[in-house]
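The values are calculated or read from the model by the stated rules, or taken from the named source; none is laboratory data. Please read all numbers here as calculations on a predicted model, not as lab measurements. All Cβ positions, glycine included, derive from the backbone under ideal geometry; neighbour counts span all protein chains shown. Note: accessible area is taken over every heavy atom of the protein model, side chains too, but ligands, DNA and RNA are not part of it. Shrake-Rupley method; radii C 1.70, N 1.55, O 1.52, S 1.80 Å.
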Amino acid sequence: MDFLLECIGFSPTVGEEDLVDLVRSRGEAAAWRGHPDDHRILALGGGLEVRADRAPDRSFWTLTPHFKVPHRLRFAVTGIVRQPDCPFDALLSGWAAPPIGRPPEDDTEGAYRLSTWITDARRLGSRISPGHVLALSIAGFAVHVDRVIPNEAVQDPKILERPAGAYIRPLGSPDEPGGCCDVSLRIREMLRLRNELTSEPVEIAICDAPDRPMLLFLSPWQLKGDGHPRPQPGMRIEGTFMFTGRIAGGLPKHRPK
């Protein structure tokens, strides 16, 4: 996961142990993540966050990037993969932007398939069944950017015929997606923030997608190292991204017995 931290302004030379120490000392308890000594989150400004986690029976820490996405994506759940060694995370698979007013038992598809991690899986409980529509606040973090090209240079013309000209496909089989998706998306706007801890710039591509725009975080070090041009509105970005976020609504209400 460390290379994903480049997407939120941590250069490849940043020491992992030093960053863990900073998150533990300056951060606050991460909601829905267990004991506050083992799960800390540090705000970096502009909605950027980095989280440090440690399992109670392990000595090492993991670091994960996050962003407070300002909008909600409607998501019809088709599968939930829970983590036996980490009840705080779950991998959701399903359809983004299902038809409005769709009953849970309806198997109508949405605009595109999506696989994403959620970090507040404890909120799901056992109340979510296939077909249930949640609201998610998620963003994609670059695993690898393959191309940054003019939109008219798309090699597959069928992509441009899709809704909003968006191609998003989970890796692996539809039943067992791996949390990452291949994408080909047109950039609507570039949002440029700054990591207040490192003063490094953070590049966010706000891309056209059905229902809600998709936010993609890019590593400037990878873009430069691979010789990609600087992303600009109207261009298209293609590559593999890991999606992660939190539940923003749609959970069933508790009913008194």
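Overview of results
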{"read-out": "Shape category assigned to the stretch 13-64 from the gyration tensor of Cα positions, a/c cut at 1.5", "value": "oblate"}
{"read-out": "Gaussian network model of the chain, Cα within-10 Å springs - most flexible of VAL14, VAL148, VAL50", "value": "VAL14"}
{"read-out": "Relative contact order %, the chain, counting alpha carbon pairs below 8 Å whose residues are six or more apart", "value": "22 percent"}
{"read-out": "Accessible area of the stretch 1-71 belonging to carbon and sulfur atoms, whole % at 1.4 Å probe", "value": "51 percent"}
{"read-out": "Ellipticity estimate at 222 nm from DSSP helix runs (n ≥ 4, -39,500 (n - 2.57)) divided over the chain, nearest 500", "value": "-2000 deg cm²/dmol"}
{"read-out": "Ordering of 155-164, 110-119, 25-34 by packing [mean C-beta count within 10 Å, highest first]", "value": "110-119, 25-34, 155-164"}
{"read-out": "The stretch 1-108 - accessible surface per residue (Å², probe 1.4 Å)", "value": "51 Å²"}
{"read-out": "Residue among GLN83, GLN222, GLN232 with the largest mean-square fluctuation in a Gaussian network model of the chain, springs linking Cα atoms under 10 Å", "value": "GLN83"}
{"read-out": "The stretch 21-82 and the stretch 217-246: distance between their alpha carbon centers, rounded to Å", "value": "22 Å"}
{"read-out": "Gyration tensor (alpha-carbon) shape descriptor, the chain, a/c threshold 1.5", "value": "oblate"}
